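Q: Below is one structure. I have some questions about it.
The values are calculated or read from the model by the stated rules, or taken from the named source; none is laboratory data. Note that this is a predicted model, so its numbers are computed, not measured. Every residue, glycine among them, receives a Cβ derived from its backbone with ideal geometry; neighbour counts consider all protein chains shown. To get the accessible areas, we keep the full protein, side chains included, count just its heavy atoms, and leave off ligands, DNA and RNA. Shrake-Rupley method; radii C 1.70, N 1.55, O 1.52, S 1.80 Å.
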Amino acid sequence: VARKETHRRRLGELVMRLISLLPATRELLQKGRAVRLLQILTLALTSGGTVQHALKLMLAAYADQPVQKGAIERLRNEVVNGADFGVALDSSGLFPRIVGALLRIGYETGRLERMSQRAMEICEEDVRLGLETMSSLIEPILLGFAGLVATGVVLTAAMPMLKMIQSL
């Protein structure tokens, strides 16, 4: 059972690597991760937690993903060691630029909770629109592929009959 789970996880990682090779999907995946991180940040802040507490929760959420976990650990270490929050956010690469700018403004004005909520809404909308666009692009491609497969099946079935008719 554990072996099956390991194979399934490796297959999932391979599929994600292949998907992330396309620039549009890479950006969409980054925004999707940003939404998840912003949800954690917003939840922690609205419940009275601190930024450090939110970063600890983010680490727990991404414990099984080494790349994101490493970036979150670096961000947390920089914040704990007194680095400027905005600079630490920009260097982490966890968020798109606009999100980093919104969070930086929220932190500087003391309204980080509200700005993280707004940034999350913006990212969610971007992800929704991106998925709709990708779906509308993938559908005709899949229909064309299905048409080619159907044509191949029909030709495979018809060729022997045509040969038989020609031999008469």
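Q: Sort out which residues of region 21-34 are farther than 16 Å from PHE95 by Cβ, part of a helix (DSSP H, G or I) and free of Cβ contacts under 8 Å to residues at least 60 places away in the same chain, and write them in order of number.
A: Residue satisfying the conditions is PRO23 alone.
Q: Given (1) within 19 Å of GLY49 (Cβ to Cβ); (2) within 20 Å of the chain's Cα centre (by Cα); (3) of a type in the set (Lys, Arg), where does ARG97 come up short, assuming only one miss?
A: That leaves (1) as the condition not met.
Q: OK, next. Within region 72-98, count every residue that is without any contact (Cβ under 8 Å) to a residue 24 or more places away in the chain, assigned to a helix (DSSP H, G or I) and either open to solvent by 40 Å² or more (accessible area, probe 1.4 Å) or among the hydroxyl-bearing types (Ser, Thr, Tyr) (or both).
A: 9
Q: Looking at region 159-166, is at least one residue in a helix (DSSP H, G or I) and either among the hydroxyl-bearing types (Ser, Thr, Tyr) or in contact with a helix residue (DSSP H, G or I) (Cβ under 9 Å, 6 or more places away or on another chain) (or both)?
A: No, the conditions are met nowhere in region 159-166.
Q: Let me ask something additional. I'm trying to understand the selection: among the residues of region 40-65, which are β-branched (Val, Ile, Thr) and in a loop (DSSP other than H, G, I, E, B)?
A: Within region 40-65, just THR50 meets the criteria.
Q: Also, quick follow-up: Could you identify the single residue in LEU18, LEU37 that is assigned to a helix (DSSP H, G or I), closer than 30 Å to LEU129 by Cα and open to solvent by less than 70 Å² (accessible area, probe 1.4 Å)?
A: Result: LEU37 is the single residue among LEU18, LEU37 that is assigned to a helix (DSSP H, G or I), closer than 30 Å to LEU129 by Cα and open to solvent by less than 70 Å² (accessible area, probe 1.4 Å).
Q: Open to solvent by 70 Å² or more (accessible area, probe 1.4 Å) and under 25 Å from LEU129 (Cα atoms), is that true of ARG111?
A: No: the conditions fail for ARG111.
Q: I'm trying to understand the selection: among the residues of region 99-148, which are part of a helix (DSSP H, G or I), among the small types (Gly, Ala, Ser) and without any contact (Cβ under 8 Å) to a residue 24 or more places away in the chain?
A: GLY100, ALA101, GLY106, SER135, SER136, GLY144, ALA146, GLY147
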